[in-house]
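Working notes, structure below.
The values are calculated or read from the model by the stated rules, or taken from the named source; none is laboratory data. Note that the structure is a prediction, hence the values are computed from the model and not measured. Note that each Cβ is placed from the backbone with ideal geometry, even for glycine, and that neighbours are counted across all protein chains shown.
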Amino acid sequence: MNNLDNRKYVIIMMVFLVSLIFVTRLFYMQVIDEKWKDRAAEISENKVITQPARGVVYDRNKEKLISNVVYYDLRIVPNQAAGIDSVALVELLDITMEEYVKKMNAARKYSKRKSSELVTQIPPDEFTLIAPELYKFPGIFEVERTLRVYPKKCGAHILGYMNEVNKDDIEKNPYYKSGDFIGRMGIERSYEEVLRGKRGVKYYLQDAIGVETGRYENGKYDTLAEQGKSITLGVDWELQEYGEMLMRNKLGCVVAIEPATGEILAMVSSPTYDPNLLVGRRLGENYSVLQKDTLLPLYNRAAGATYPPGSTFKLIMALVAMQEGVITPESGFPCNQGLVGCHNHGSARTVSDAVKMSCNPYFYQITKRILHQGKSPNGFKDAAIGQDIWARYVQSFGIGTDLHVDFPGIVKGFVPNTAYYDEKYNQFGWQFETVYSNSIGQGEVLVTSIEMANLAAIIANRGYYYYPHFIRDIEGSGTPDIYLQKNYTMVDSHYFAPIVDGMWRVVNEPGGTGGRARLDSIAVCGKTGTAENFKRINGVTHQMTDHSIFSAFAPMEKPQIAIYVYLENSGFGGTWAAPLASLMIEKYLTGEVADTTKENRILNANLIPDASDILPPKQPKKRHR
């Protein structure tokens, strides 16, 4: 009897121990070990991410610049696709057999029972040809995806494009997962977080072999995707489109700004391209073609290039000189070409005259007075003091500073200060005579087209500006505060009157250098510029065709548009840049162009030089503080 009792207790103990082991192991797997929890969830639940529709982008008149369209991805389930006619399939999908084999092998490696991508981003017009034939290929099915479309087919450099995230994107921002798309350039990149929206998620139950069996908790934990916010830009798409037409067969850029707000009305970089080329499965192929083009259509000259400003820079020189008290609005100087070369005209007796005539000796003299004010008996120290005073004034006009433009890839101009020249001429010293070329915009000063369009807006406003920006309204939050604040230059507003008067005379009086910009019904105020262009060949410096420049605003009173045109390798500012600017001004203010002869001259002009004559735009110089 005792033996039986002992065996009974042993059996009970063994059962208890085995049960305890199973319970402990189950507790460990379900509660403690995350690996087993994840595995259980993987077997029983399938989490499907739902992508939101991206926010729509409008122009200032509520015309759609960027919207969404349904594209299609094709996915394949390897087990179900066994035995399909692969030759017919690759022909239908317009892919190579190598591509198909690579995708199929990757799909089998991932899962033979679950779907993997085969071809992505098929546009609707292509899918309509593919869809009727898909029944012949079991295991292949389509999935809708929303991609971008650019209805106006212009403004590629403004709008940018999207492509799939890479490893760096994912490491920088854990929001993104493999297969997501991100704004890569332009507005798509600047306002990525606003436009992208928020993902949703749906949970499905599935069995151990991956077959869906229902919704988890009847969808209790599902979340809806939230569409991205729409934004409205200050861009006028008709002006943008017209500017791109005028700039065909030309190298350069145009920037137009509304002075009263700082909103960028147009930003043209030429050559350009149709933004729809960088959408869908042909993106990589089209990008490669654009990238190989020697005229650099992908390069945004308006945002990324710096140029010598030529005579348009003289406007700042006159303003600084008056504010510093080294001249008055009535100061005159003879046109002494022994100091610096000039075209033939009478001597300027006032600041207004000097602006109208664009007299080089005049601006030589006033810049010398800015740099040498007798603040030190040592000529070198005196020039250094004056140079830094001058540099601070120039930077107060936004040149070489951060203008907070809401756009990627914006560079700054370059304003040389004492530190820069001390380093450059450290063995010999320097004075005004060393750096006088800055007085006529041909020295070390470099500017961007956005900075110079902003300068035109400053003069239009008689001394202040708003940071240039594209955004006009973000859905639900309006305009960012930074773009509502006024920024003042170091020059008092009353000194702008003789500058404005001179700019009006440039365009509207005989002897002015910008007569081709005159409009009968609109008072255009402008300033021409012609920047010398040099190239070294086999150690010898050659002068190439000059750059044509024009800066303007209109109307003279209550200005509505400020504009800057820079045409590379095209000659005098008054010849090409001035009439092109006037056409855009007239188009914006009146909606039409009266002088079709002028218009056709610009439209039909091919100003692209031989490839051997083209110099790439200068990159920003090293800054010295």
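Here are a few things to note about the model shown:
- Between 129, 147, 159, the distinction of being under 25 Å from residue 91 (Cβ atoms) and within 23 Å of the chain's Cα centre (by Cα) belongs to 147 only.
- Residue in the stretch 332-383 that is surrounded by the most Cβ atoms within 10 Å (Cβ to Cβ), counting only those that are assigned to a loop (DSSP other than H, G, I, E, B) and touching a residue at least 40 places away in the same chain (Cβ under 8 Å): 358
- Restricting 39, 108 to those that are outside the structural domain of residue 198 (by TED's automatic domain parsing), within 29 Å of residue 198 (Cα to Cα) and either modelled with pLDDT under 90 or aromatic (Phe, Trp, Tyr) (or both) reduces the list to 39.
- Failed item, numbered, when residue 269 is tested on (1) of a type in the set (S, T, N, Q); (2) under 27 Å from residue 461 (Cβ atoms); (3) out of contact with any strand residue (DSSP E or B) (no Cβ under 7 Å at 6 or more places or on another chain): (3)
- Pick from the stretch 493-533, criterion acidic (Asp, Glu) and over 31 Å from the mean Cα position of the chain (by Cα), ranking: surrounded by the most Cβ atoms within 10 Å (Cβ to Cβ): 501
- Pairs with Cβ under 7 Å, 6+ apart, first in the stretch 412-430 and more than 21 Å from residue 451 (Cβ to Cβ), second among the acidic types (Asp, Glu) and modelled with pLDDT of 90 or more: 418/388
- Among (1) closer than 24 Å to residue 549 by Cα; (2) assigned to a helix (DSSP H, G or I) - the single one residue 442 does not satisfy: (2)
- Count of the stretch 221-250 residues which are assigned by TED's automatic domain parsing to the domain that holds residue 409 and modelled with pLDDT under 95: 0
- The residue that is surrounded by the fewest Cβ atoms within 10 Å (Cβ to Cβ), counting only those in the stretch 579-599 that are among the charged types (D, E, K, R) and in contact with a Leu (Cβ under 7 Å, 6 or more places away or on another chain), is 598.
- Residue match in the stretch 421-435 (condition: surrounded by fewer than 22 Cβ atoms within 10 Å (Cβ to Cβ), polar (S, T, N, Q), in contact with a Leu (Cβ under 8 Å, 6 or more places away or on another chain) and farther than 23 Å from residue 459 by Cβ): yes
- Counting the residues of the stretch 110-169 that are among the aromatic types (Phe, Trp, Tyr), over 20 Å from residue 184 (Cα atoms) and in contact with a strand residue (DSSP E or B) (Cβ under 7 Å, 6 or more places away or on another chain) gives 3.
- Of residues in the stretch 308-331 being among the polar types (S, T, N, Q) and in a helix (DSSP H, G or I), the one farthest from residue 358 (Cα to Cα): 323
- Only one of the numbered conditions (1) buried (at least 19 other Cβ atoms within 10 Å of the Cβ); (2) modelled with pLDDT under 95 is violated by residue 472, and that is (2).
- Qualifying residue in the stretch 161-169 (condition: among the aromatic types (Phe, Trp, Tyr), on the phi < 0 side of the Ramachandran plot and without any contact (Cβ under 8 Å) to a residue 60 or more places away in the chain): no
- Among the residues of this structure, residue 538 does not count as one that is modelled with pLDDT of 95 or more, farther than 30 Å from residue 56 by Cβ and out of contact with any helix residue (DSSP H, G or I) (no Cβ under 8 Å at 6 or more places or on another chain).
- Test: residue 505 is at negative phi, modelled with pLDDT of 95 or more and assigned to a helix (DSSP H, G or I): yes
- Within the stretch 515-528, considering residues that are at pLDDT 95 or above and of a type outside the set (A, V, I, L, M, F, W, C), the one nearest to residue 590 (Cα to Cα): 518
- All of 179, 183 fail the test of being under 21 Å from the mean Cα position of the chain (by Cα) and in the same structural domain as residue 49 (by TED's automatic domain parsing), apart from 183.
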